[in-house]
Amino acid sequence: MDDPAFPSTVDTQTGGQSSTLTSTARVGVSLNIDYIKSIPGILKVVELLFGLIVWACVASYVYAGGQHWVMFVAVTSWLFTLLLFIFCLLSLRDTMPVVSGFNWNLIETVYAAVVTFCYFIAACVQAGTTGVGGNTFMARGHYSTYAAAAAFAFLVTIAYGVDLFFAFQSWRGAGGQLPSFTTSSSSSQPAAATKAEEAQG
């Protein structure tokens, strides 16, 4: 609903010429259906689905030892991936002033790289836990559930690896620039050093 006190179009008259100023900066939520059909969107859905299966399988029985790491990786990455999916699906990363200035291609590339690495370790830990305790777990019915968790953990690792590839391609396609962290204090140090050398010389 538009506020009549703030019109979206303003006509100005200057010296017989008229110009129209249109305000286009609006903060809003718009459902981006095309994102779900895109490769990154499909990968996010696969990551969420398979990740949910991983931690549901591990959490279905009492877990111990290295499986705490598996649960940490599975739940944390699932929550962050869900948040990222919602941001992209609702176009919030482009319309929210707080986050619209971020380099999202770089953020997604770094995020996918970190999660791929952590999930690979978690998948290996889950597979090792399943293999070592196979006979005991099989007697209690744990073995097939833990084996499924390990298999889906490797599938999620592959999904995040593919996501990393496409995120990296998007980042490189957008220029592949790293953020610069230059400050005024660091740029003033060489000038101060030059002045000190001139005073001594």
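The values are calculated or read from the model by the stated rules, or taken from the named source; none is laboratory data. Note that the structure is a prediction, hence the values are computed from the model and not measured. Ideal geometry is used to build each Cβ from the backbone, glycine not excepted, and the neighbour counts take in all protein chains shown. Accessible surface is based on the protein model in full, side chains and every heavy atom, while ligands, DNA and RNA are left aside. Shrake-Rupley method; radii C 1.70, N 1.55, O 1.52, S 1.80 Å.
Summary table below
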| quantity | calculated |
| --- | --- |
| Verdict on ALA199 being under 18 Å from LEU43 (Cβ atoms) and either open to solvent by less than 70 Å² (accessible area, probe 1.4 Å) or modelled with pLDDT under 75 (or both) | no |
| Residue check, PHE102 in contact with a helix residue (DSSP H, G or I) (Cβ under 8 Å, 6 or more places away or on another chain) and either modelled with pLDDT of 80 or more or in a helix (DSSP H, G or I) (or both) | no |
| Residue match in the stretch 34-52 (condition: modelled with pLDDT under 55, over 26 Å from PHE154 (Cβ atoms) and not aliphatic (A, V, I, L, M)) | no |
| Count of residues meeting criterion [open to solvent by 60 Å² or more (accessible area, probe 1.4 Å), in a helix (DSSP H, G or I) and not charged (D, E, K, R)] in the stretch 50-97 | 9 |
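One line per residue, one yes/no per condition, for (1) at pLDDT below 95; (2) under 23 Å from LEU164 (Cα atoms); (3) among the acidic types (Asp, Glu):
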position	(1), (2), (3)
VAL114	no, yes, no
TYR119	no, yes, no
GLN126	yes, yes, no
THR129	yes, no, no
GLY134	yes, no, no
PHE137	yes, no, no
GLY141	yes, no, no
SER144	yes, no, no
ALA150	yes, yes, no
